[in-house]
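A.B. asks: My questions all concern the structure below.
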Protein chains: 2
Amino acid sequence: MTVQVLVNGKPGHEISVFDRGLQYGDGLFETLKIVQGRALFWDRHMDRLERGCERLGLSSLPRNALWQEAEPLVQNLARGVLKLIVTRGEGERGYQPPQQAQGTRIWVVQAAPAYPPTNAQEGVRIRFCETRLGHNPRLAGIKHLNRLEQVLARAEWDDPEIAEGLMLDGQDNVIEGVMSNLFVVSRGHLLTPDLSQCGVAGVIREWVLETVAKLGMVCRECPVSQAMVNTAEELFLTNSLMGIWPVRQLEAHPLAVGPVTRRLQKALEEVYG
Amino acid sequence: MTVQVLVNGKPGHEISVFDRGLQYGDGLFETLKIVQGRALFWDRHMDRLERGCERLGLSSLPRNALWQEAEPLVQNLARGVLKLIVTRGEGERGYQPPQQAQGTRIWVVQAAPAYPPTNAQEGVRIRFCETRLGHNPRLAGIKHLNRLEQVLARAEWDDPEIAEGLMLDGQDNVIEGVMSNLFVVSRGHLLTPDLSQCGVAGVIREWVLETVAKLGMVCRECPVSQAMVNTAEELFLTNSLMGIWPVRQLEAHPLAVGPVTRRLQKALEEVYG
């Protein structure tokens, strides 16, 4: 498929070198899964974007105006990825945000990533990364453009058999995957790492946290140690494009795909329709 | 003066939205002071850029090729700022760095910032920022494009009487200014914060560390507490465009401009010529 790009409402592939998105990573992004012209979990993505704008003091268009721009790009698309980047726009030299910033918004529509269907069916192999996540409560949870930690972590391996890497913080807590959130079934309890200090609060992670309650289960957000991950009964990973991937091997340690993972996968498939 | 921009050797103000500098802050920058067509501390800036490239696994042109591009932009310039941004260039979707990345290099020549001459002569007023610096030893010291912590810290005040804000890490160590490095004379000892966990190792900071030895002084890189800063005999700030600014007031606490600061200012003026 052809890649389509819209910058501030106009077709075009370029932005100014003075855009603070480039200069400082001063912005946010969202990556949405498109199925049959629908942007899945649109409102959850927009909720997170708005939380991020509030945190950074950015302004953005209201979500209905954003959808008016995006809809013509995806309405005839059976499957694909819709990425939105929102930056503070152009600025003068220096870190101080301009008072009258005209934000930049960029839409990119691309083909869906070619993940093997076995990833969701049979599970994936993953590893631990050396690169750590720094603590910053003011940036934790939001999907901002400062992503060097993820870039360095992802550069640690190029074995295509390894689908994902787990990242720890400086205090040896397991936080998330490079591109996904982590869930752990440990001694019969479903857990996911606390993201108050670092990490990205994913849209599917949020959906899981709400859905378990409806299924009569409990999921606790708490510190997760490497030992808890290494001795888990089940591990699974979530993100908007992947959905839910069971982990079948962590480093040299094999895992079975368990009932909690399967139940949530089934519930998510019903949402995808 | 007219702002001049060169992108990969060609005049133009735009880069691709697929550039990883925008997508992830996957790049580095240097800000050089131009005086009479000379780029001050060129080799120190290029040393840091090369250290940053090594850390991130980026490739860049050799420094003589970079100077061939930059020299025509600045050779007739009496005073100004030369900024270089180097990114990993365009990439496909996802954090994994492309194997055959064609880096992007951007030169921007702008007017020198209009700092009041009293800043260097009489000193500046500064404050403490609330925004903390997260720890990441793999990113500490280099001048990368992930600068949201600085953006948030600089957004904390807009009183033009406050020239700079000091940033702490999560363990309450004072690390640096938003745009500068900090030196402290405490109980007769010259100190500057250790930057092994976070912070930018500035070019003038490096010059001070080398120059004190030539002047028969000692400067120690070590953890610096808020108490040490609050009770200091002298405080000064350094960066490539400012040079050395004494601090005459930190929050409500006045300071005298002391002999160590004046001696280093004088030595730096000799370099500037």
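The values are calculated or read from the model by the stated rules, or taken from the named source; none is laboratory data. All figures in this text were calculated on a predicted structure; none of them were measured in a lab. Because the Cβ atoms are built from the backbone with ideal geometry, glycine has one as well, and the counts that use them run over all protein chains shown. Keep in mind that these areas ignore ligands, DNA and RNA; they rest on the heavy atoms of the full protein, side chains included. Shrake-Rupley method; radii C 1.70, N 1.55, O 1.52, S 1.80 Å.
A.B. asks: Compute the long axis of helix A:259-272 from its Cα atoms, compare it with the longest principal axis of the Cα atoms of chain A, and write down the angle in degrees, 0 to 90, nearest 10.
C.D. replies: Orientation of helix A:259-272: about 30 degrees from the principal axis.
A.B. asks: Can you list residues whose amide H is under 5 Å from B:L166's amide H, if they're 5+ apart or on another chain and H is modeled 1.01 Å from N?
C.D. replies: So B:L166 has HN proximity to B:R127, B:F128, B:C129.
A.B. asks: Same structure again: Placing +1 at every Lys and Arg Cβ and -1 at every Asp and Glu Cβ, with all other atoms neutral, what dipole size does the protein assembly as shown have around its Cα centre, in debye to the nearest 20?
C.D. replies: For this selection, approximately 360 debye.
A.B. asks: Still on this structure, I have one more. Amide H neighbours of A:V200 under 5 Å, at least 5 residues apart or on other chains, H built in the peptide plane: list them.
C.D. replies: Those lying under 5 Å, H to H, from A:V200 are A:G141.
A.B. asks: For A:R88, what is the net charge nearby, where nearby means another residue's Cβ is under 9 Å from its Cβ and Lys, Arg count +1, Asp, Glu -1?
C.D. replies: Result for the local shell: -2.
A.B. asks: A follow-up question, please. I'd like the interface area for chains B and A: accessible area of each alone minus the complex, both sides summed, 1.4 Å probe, protein heavy atoms only. What is it in Å² to the nearest 100?
C.D. replies: Roughly 4800 Å².
A.B. asks: Once amide H atoms are placed 1.01 Å from N in the peptide plane, what residues at a sequence separation of 5 or more from B:L32, or on another chain, have their amide H within under 5 Å of its amide H?
C.D. replies: B:L82, B:K83, B:L84
A.B. asks: For A:22-34, what's the mean count of beta carbons from other chains sitting within 10 Å of each residue's beta carbon?
C.D. replies: Per-residue shielding by partner chains comes out at 5.
A.B. asks: Something else now. Let me know the shape class of the range B:70-210, please: from the alpha-carbon gyration tensor, a ≥ b ≥ c as square roots of the eigenvalues, rounded when a/c is under 1.5, otherwise prolate if a/b is greater than b/c, or oblate.
C.D. replies: Because a/c hits 1.5 or more and a/b fails to exceed b/c, the range B:70-210 counts as oblate.
A.B. asks: Would you tell me the mean number of C-beta atoms belonging to other protein chains that fall within 10 Å of each C-beta in B:84-93, as a whole number?
C.D. replies: Details: counts 0, 3, 0, 1, 1, 0, 1, 1, 2, 10.
Taking all residues of B:84-93 together, the mean is 2.
A.B. asks: Next question, about the same structure. Summarise the partner chain shielding of A:133-145 as one whole number: the mean count of Cβ atoms from other chains within 10 Å of each residue's Cβ.
C.D. replies: What the average comes to for A:133-145 is 5.
A.B. asks: Right, next: For chain A, set up a Gaussian network in which alpha carbons nearer than 10 Å are linked by springs, and say which option among A:L241, A:L148, A:L190 fluctuates the most.
C.D. replies: Answer for the Gaussian network model of chain A: A:L148.
A.B. asks: Calculate the spin-label point distance for A:E269 paired with A:K10, positioning each point 7 Å from the Cα along the beta-carbon direction, and give it in nanometres.
C.D. replies: Roughly 4.7 nm, to one decimal.
A.B. asks: Note the angle between two axes, namely the Cα long axis of helix B:63-74 and the longest principal axis of the Cα atoms of chain B, as a number of degrees from 0 to 90, rounded to the nearest 10.
C.D. replies: 80
A.B. asks: Output ³J(HN,Hα) for the range B:215-222: one whole-Hz value per residue in order, computed from phi by the Karplus curve 6.51 cos²θ - 1.76 cosθ + 1.60 with θ = phi - 60°, and x for Gly and Pro.
C.D. replies: Karplus-based 3J(HN,Hα) across the range B:215-222 equals 8, x, 10, 10, 10, 9, 8, 7 Hz.
A.B. asks: Another question, if that's okay. If one takes the longest principal axis of the Cα atoms in chain B, at what angle in degrees, from 0 to 90 and to the nearest 10, does the Cα axis of helix B:42-56 lie?
C.D. replies: With rounding to tens, the tilt is 70 degrees.
A.B. asks: How far is A:N8 from itself in the other copies, in nm, if each label sits 7 Å out from Cα along the Cα-Cβ line, shortest first?
C.D. replies: 2.3
A.B. asks: In nm, what does the list of distances from A:Q99 to its counterparts in the other copies look like, shortest first, when each label sits 7 Å along Cα to Cβ?
C.D. replies: The projected label point of A:Q99 is separated from its counterparts by 5.3 nm.
A.B. asks: Rounded to the nearest 20 Debye, what is the dipole magnitude of chain A about its Cα centre when Lys and Arg each give +1 and Asp and Glu each give -1 at the C-beta?
C.D. replies: Using Cβ point charges on Lys, Arg, Asp and Glu, chain A gives about 500 debye.
A.B. asks: Here's something else I'd like to know. Specify which residue in the list A:S180, A:C198, A:W245 is farthest towards the positive end of the charge dipole of the range A:169-273, using unit charges on the beta carbon of Lys, Arg (+1) and Asp, Glu (-1), about the Cα centre.
C.D. replies: Value: A:W245.
A.B. asks: By its C-alpha gyration tensor, with a ≥ b ≥ c as the square roots of the eigenvalues, how is the range B:1-143 shaped: rounded for a/c under 1.5, else prolate for a/b larger than b/c, else oblate?
C.D. replies: In terms of gyration-tensor shape, oblate.
A.B. asks: In the range B:58-106, carbon and sulfur make up what percent of the accessible area (probe 1.4 Å)?
C.D. replies: 41
A.B. asks: Calculate, in nm to one decimal, what A:Y115 and A:W67 gain on full extension: separation in residues at 0.36 nm each, minus their alpha carbon distance. Could the numbers behind the result be given before it?
C.D. replies: On the way: separation 48, 0.36 × 48 = 17.28 nm, distance 2.69 nm.
Extra length available between A:Y115 and A:W67 comes to 14.6 nm.
A.B. asks: Residues of chain A: accessible area per residue at 1.4 Å, in Å²?
C.D. replies: Working: 11470 Å² over 273 residues.
I get 42 Å² per residue for this part.
A.B. asks: Can you tell me the order of B:9-18, B:82-91, B:173-182 when each peptide is scored by its average per-residue count of other Cβ atoms within 10 angstrom, highest first? Don't skip to the end; give the middle numbers.
C.D. replies: Details: B:9-18: 16.2, B:82-91: 22.3, B:173-182: 24.5.
So the peptides B:9-18, B:82-91, B:173-182, ranked by packing, come out B:173-182, B:82-91, B:9-18.
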